[in-house]
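Enquirer: Once you've had a glance at the structure underneath, I'll fire off some questions.
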Amino acid sequence: MNTPNAKGKTILDYIPEALQKLKGKAQPETVTEQPTAPTGGIDKKAIEKAAETLKKYKDAKKNFEDRIVEEEQWWKIRHWDLISKGESTDRPQPASAWLFNSITAKHADIMDNYPEPNVLPREEGDKASAKTISSILPVIYERNNYEETYSDAGWYKLKHGVSAKGVFWNTELEDGLGDIDTQFIDMLNIFWEAGITDIQTSRNLFIVSLKDNDVLEMEYPQLKGKNGGKIIDVKQYVYDDTVDVSNKSVVVDWYYKKRNTAGKTVLHFCKFVGSEILFASENELEYAENGFYNHSLYPVEFDVLFPEEGTPVGFGYIAIMKSPQMYIDKLQQVMLENAMMSSKPRFFAKKNVGINIDEFLDWSKPIVHVEGDIEEERLRQIDVQQVGGAAQNILQMKIDELKETSSNRDFSQGSTASGVTSGAAISALQEAGNKQSRDMISASYRSYRRECYLAIELMRQFYDETRSFRITGSTGEYEFVQFSNKMMQGEPIPPAYEGQELEEGYIELFRKPVYDIVVKPQKRSPYSKMAQNELAKEMYNMGFFNPQLAEQTMTALELMDFDGIETVKGKVQQGQTLFNMVQQLSQELAMIKASVGMMGAPDGVQMPIPNGKSSGGIGQAQKDAMQATMTDYGARLANRANPDMNNG
């Protein structure tokens, strides 16, 4: 009875069609398939192919890796090893820190403008979730020590022109509950397809790391006795100490994109050592169809300083400053040699000069014995030509060139040139000299915004359990909020018309909350703080916060642009409303007192007449003028407070 026929079906498969025919509404045959374990997937053959792809990616990246290792030597002021190419020499090797100082100044600018996300909703109904996410996202980053990650990435970006940060889901965090894990990634440990300009368009993305064999065997018992997982030789820096990697294996995190059965591009993840598979999302029923991460993006974000065509990376400040730095040190080498030669005189001496050479060269001997007369023809000092002013000028020109190319001028360091003494002029020059820093920081903010999107999507996917977060409220006090991804999930869209859901082929649609992210600096430089404070004091002294001048103030604010202008506008409007309410209520109170005979009418207040109509005059004109400048909200409150004398 249940034996399959030639098509592989049993009688149970035909029961739904038979029931439809009995009702006179035969439908095309539909078979509901039960979820089954994925077939095919990732096996050892696929791992071997991935390893070959990884080797090809590494070979294409060789020049970039060599440049990074060389630039690290310049950063450590060990560049004479590169200039002399390892040859030993007795010549002085001065290593000035002009390049080093320029990079440290740029890094200070980066950290003075540490970012903070502000999540905004795209629809009215998502306001609550957007506000909550804005509060808890900085807390998540704080738990990850993201400020240190951001600092490390800033150093790397300045030195080598690009930095990489990963936004992953770590199942071991929060005592096994799992949480977002942000990490700084060394560019020597990440590999992508050659010839692309956007990392998201790469066919594959590999992230490698070295791990001790014994640690791997403890975490993955199937690796016991299967060492030798070094698929590639990971490029190493020139260390001061000896780094032993003989007992380590290369662990490969392989991310790749492919289309699922519905034609959607999804992201899959595989971790392997050698030819041993440690995890493959494509082999897991939970991830086989929708991929490892629902956002289907590589969980890595590149932050580029100076971009290059045909590659997702760029070049940094060392690449543009190492040439002037090299000539600065070479010129200083020549000058030091000249100074040493001048301070240690040498002599021309005839063979039979008649001087005790040993005593002559020994400065501890007060007497030098000679035979005969000492004449200039027999012993003459060698004249050393002093380095001319041209060399000094060239040295200063190279120093100025390095400063200009790195935008690290004297004003940026707090120094001033001769003739500039005005504080306003110095501040203006400092701001003008920070244009490149602001542009660089804006690029970092764009990269940070994309990282926030990755983090939000991980929250949408994995925050199934309610979590507690301590946030800073609007009043500056700590508040505790509960959050899960329930408010971030898609909501069903109602049918376009009644009964549509009953029609054949109807598919229920869902609306997923979408958020926009605005990045602002969490920490401002001392100059920015001072400028903001001075602006606030100047506005106060000019009467911007005087409610009687609210209309003029709002007109001026419409022509201005500064951080926090919306807050100032709100305060001005609030002050205007309260002022109008107080004025209105004061007049009403005075009229009530006068009507009951408690006191005489004050100057400027018109007494009401019995029929409830005003006789006009100065008091009524003042009242009408005040009402004309009131906001809608203030007018409604004033009307509610206005007593009805006829129905008293």
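The values are calculated or read from the model by the stated rules, or taken from the named source; none is laboratory data. Quick caveat: nothing in here was measured; it's all calculated off a predicted structure. Neighbour counts run over all protein chains shown; Cβ positions are idealised from the backbone, glycine included. Protein only, heavy atoms only, side chains kept; ligands, DNA and RNA dropped before computing areas. Shrake-Rupley method; radii C 1.70, N 1.55, O 1.52, S 1.80 Å.
Enquirer: Which numbered condition trips up Gly310, out of (1) of a type outside the set (A, V, I, L, M, F, W, C); (2) in contact with a Pro (Cβ under 6 Å, 6 or more places away or on another chain); (3) at positive phi?
Expert: (2)
Enquirer: Within the stretch 488-521, take every residue that is small (Gly, Ala, Ser) and either open to solvent by 50 Å² or more (accessible area, probe 1.4 Å) or in a strand (DSSP E or B) (or both) and give me the one that is farthest from Ile456 (Cα to Cα).
Expert: The qualifying residue farthest from Ile456 (Cα to Cα) is Gly505.
Enquirer: If you don't mind, there's one more thing I want to ask. Given the conditions (1) under 22 Å from Asp198 (Cβ atoms); (2) part of a strand (DSSP E or B), and given that Thr311 satisfies all but one, which numbered condition is not satisfied?
Expert: (2)
Enquirer: Follow-up question, since we're still on this one. Would you point out which residue out of Ile277, Ile318, Ile328 is open to solvent by 40 Å² or more (accessible area, probe 1.4 Å), in contact (Cβ under 8 Å) with a residue 24 or more places away in the chain and among the β-branched types (Val, Ile, Thr)?
Expert: Ile277
Enquirer: Would you pick out the residues in the stretch 363-389 that are open to solvent by less than 70 Å² (accessible area, probe 1.4 Å) and under 30 Å from Gln333 (Cβ atoms)?
Expert: Ile382, Val384, Val387, Gly388, Gly389
Enquirer: Suppose we filter the stretch 120-137 for residues that are of a type outside the set (Gly, Ala, Ser), under 19 Å from Lys520 (Cα atoms) and crowded, with 17+ Cβ neighbours inside 10 Å; how many remain?
Expert: Qualifying residue count, the stretch 120-137: 5.
Enquirer: Name the single residue that is modelled with the highest pLDDT among those in the stretch 209-233 being surrounded by 15 or more Cβ atoms within 10 Å (Cβ to Cβ), of a type in the set (A, V, I, L, M) and within 14 Å of Leu278 (Cα to Cα).
Expert: Here the answer is Leu216.
Enquirer: Pairs please, first residue from the stretch 167-184 and within 26 Å of Phe302 (Cβ to Cβ) and outside any strand (DSSP E or B), second anywhere and open to solvent by 30 Å² or more (accessible area, probe 1.4 Å) and among the small types (Gly, Ala, Ser), Cβ atoms under 8 Å, 6+ apart in sequence or on different chains.
Expert: none
Enquirer: Okay, moving on. Testing Leu99 on (1) among the aliphatic types (A, V, I, L, M); (2) in contact with a Pro (Cβ under 9 Å, 6 or more places away or on another chain); (3) open to solvent by 40 Å² or more (accessible area, probe 1.4 Å), one condition comes back false. Which one is that?
Expert: It fails just one condition, (3).
Enquirer: Condition test on Thr475, is it of a type in the set (S, T, N, Q), open to solvent by 90 Å² or more (accessible area, probe 1.4 Å), more than 31 Å from the chain's Cα centre (by Cα) and modelled with pLDDT under 90?
Expert: No; evaluated as a whole, the condition is false for this residue.
Enquirer: Name the residue that is nearest to Leu535 (Cα to Cα), counting only residues in the stretch 550-580 that are open to solvent by 40 Å² or more (accessible area, probe 1.4 Å) and of a type in the set (A, V, I, L, M, F, W, C).
Expert: By that ranking, first place goes to Met560.
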